[in-house]
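Structure record follows, encoded as structure tokens.
None of the figures in this text is laboratory data; all of them are computed from the coordinates on show. Owing to the predicted nature of the structure, the values given are computational and were not obtained by experimental measurement. Reconstructed Cβ throughout: ideal geometry from the backbone, glycine too, with neighbour counts over all protein chains shown.
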Amino acid sequence: MRRLGVILVILTAFICSVPGFSLDDPVAILEKLDEQRFLPGSSFKMKMIITYGKGDTREKTFEGFEKGQRFFIHFLSPARDKGTRYLKRKGVMWLYLPKVDKVIQIKGHMLRRGMMGSDFSYEDAAENARLLDDYTPRLLGEETLQTEETYVLELTAKRPDVTYYRRKLWIGKTTFMPLKSELYTKSGKLLKVGTVEDIRRIDNRYYPYRHTMRNVLKKDTLTVLETLEINIGEDIDPQVFELRHLKRQ
Amino acid sequence: MGIIIKLGFQNLFRHRRRTLLTISAILLAVGIVTYIQCHLKGIIDSMVDDFIRLHTGHVKIIHPQYQTKERLLPLNLNLSAVDELMAELQRIPEVKQVAPRLRFGGMLNFKETNQTGMGVGVLPERETDLLLLEKDIKGGGGLQHGGIIVGEILASQLGVQLGDEVTVLSQTQYHSITAGNFRVSGILATGFSYIDRSTFYLHLKDAQEMLDMENRASELIIRGEHREKTSSLAAALAPLVGEKNLTLLTWLEQGGMAQMLKSTEVGIGVLVVVVLFLAGLTIANTMLMSVLERTREIGTLLAMGMRPFQVVTLFLMEGFYLGFFGSMGGILLGTVFTLILQHTGISIEGALENMSLPMASVVYPRFFWGAPLLALVFGTLVAMLASLLPAYRASRMLPREAML
């Protein structure tokens, strides 16, 4: 019995090392993307620029920490949003409203609303960083997006409760970043278009300093998320992601 | 002819009991007809007045797309630069009162209890004759900054009392979650259960701040001199509203008001006809009995040489006297009754408790001259007509037969 176990281990190792592991494999491409998206532990400061059309633009800055599937953010400006905090842990999103000193869980239809009035919904912010867990990828082909060579991947949800049933991603061949993504409903309706820009190399990974998101259903809106500072690989105190930390002044 | 008119009058006193009975029947029927009309008029009028006061104004100014999506309380379809717009409106002489309102969906939280409701941001000093009637505010004072007035039923569902601090949760016009703490400064009991159950009021400035809607409102409620003068008010406002590319709606154009009014009026018309029919039947029956009883008398009159035409006229005159005096008494009774109840009101709270009807729970009948006038003409005519037929038939008989 023990021998069989040893054989199995050897066999598995052998199969995995077969050179057939090529990048024509959509699963492998998506895996690479997930690796980039899944941050081991980081602290950051970001600026959110929301345009509501006709010169109505709001800027919000926040700082926070992220580790794997958890994040904590704290808004610094503008005055009306100062002190607002969000915590995502165990797939649940919490909001702290300083004006009324209350913590509320964001659930139900609220999850589909724009976070802080942006084009990023709470669901977008709260979603699983590993797309491969929720989607089955299919390679549609290769395209040149502006100057970048990309793989075009179509992702179809494995479960019905995933926010966007279908996604179309243009993944950079060198950076493995989703340079452009289109998010669709099950009926095939385009909901959102996102891009990542200003990709820089930090240590052994790529990181986009600029995200944009446009909710196609709303007219003339656009949200740009700019990273002002980021430290990847930082050791984050796990207490930061505790619920009681939300309310702590 | 003169003698017949006189004789008809004197006949009233021959059989006093019969006369009294007939007159009482007419009096009661006409009294009811008079009152019912005023009662129904009172219901319609108070419905319209309350609707104008609480919802529509004589006219309302809104964003052009607001009306079609009104049910969703869309914050983005708002009026901007409201302060300036109000100042401009007040320069128009036909405009007597302008009240800005900012309506939004929200949730009230008190301790562990949550209730959803409709919030309305108002400027209290502009709502004195409109939303925040002093008589409606039960306990507490007016609305100040940082205060909230909660509908009576909503307040009891939340378990809040005057002075408690409640949290209002809502979304800004950009759908960002927002909240504020407000101290309960009044409990509103309008008597409209659909308002008292779900509505709360904030100071406009507080609502604007919370919803990120500085100097904005969902609607401007405008009152002119009288609701009958709505069209001239609308005409006076049209140029300004057109220039700003906004939409103006008169009270008749809002919330299916005209349709509701029309169907209510039809319903009430039917009701009045039914009441008239019943009253007419009572009067006719009494008259018929009293004339048929007198077939012999008619025979005697004919035998003594009175002509059939004169006999008919005599009875017609009697019918007229009975109808007229009975009806006069009836409208007096109905009017007095109406005037008393117009003052005290009739509570129908029990009947409305579980209904979301836009009706006040106290009905005040409203006197109008048309009601007694119609009742008088009707009562008199029915009495005359009812005496005409049997008298005519008897006058056609041979005196011998009639006297049998």
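General remarks:
- Each of the chymotrypsin sites (Phe, Trp or Tyr not before Pro) that DSSP puts in a loop and that has at most 15 other Cβ atoms within 10 Å breaks chain B; the longest unbroken stretch is B:14-367.
- The value of relative contact order for region A:184-241, using C-alpha pairs under 8 Å at least six residues apart, is 25 percent.
- For chain B, the 222 nm mean residue ellipticity estimated from helices alone, with every DSSP H stretch of n ≥ 4 adding -39500 (n - 2.57) and the total spread over all residues, rounds to -17000 deg cm²/dmol.
- Distant-in-sequence amide contacts of A:E142, defined by a placed amide H-H separation under 5 Å and a gap of 5 or more residues or a different chain, comprise A:V152.
- In Hz, Karplus ³J(HN,Hα) per residue of region B:228-244 (6.51, -1.76, 1.60; θ = phi - 60°; x = Gly, Pro): 5, 9, 4, 5, 6, 5, 4, 5, 5, 8, 3, x, 5, 5, x, 4, 8
- Compared with the dominant Cα axis of chain A, that is its longest principal axis, helix A:2-16 is turned about 70°.
- Over chain B, relative contact order from alpha-carbon pairs under 8 Å, at least 6 apart, %: 28
- 26 Å Cα-Cα threshold exceeded, pairs from A:K82/A:K168; A:K45/A:K219; A:K180/A:K218; A:K82/A:K102; A:K47/A:K67; A:K32/A:K192: A:K82/A:K168; A:K45/A:K219
- Under 5 Å between amide hydrogens, built in the peptide plane, is the criterion, and for B:S176 it picks out A:G117 among residues at least 5 positions away or on other chains.
- Residue order for B:E214, A:E182, fewest other beta carbons within 10 angstrom first, comes to B:E214, A:E182.
- The residues B:V270, B:V98, B:V30, when put in order of fewest to most other Cβ atoms within 10 Å, stand as B:V270, B:V98, B:V30.
- Residue order for B:S231, B:S185, B:S170, fewest other beta carbons within 10 angstrom first, comes to B:S231, B:S170, B:S185.
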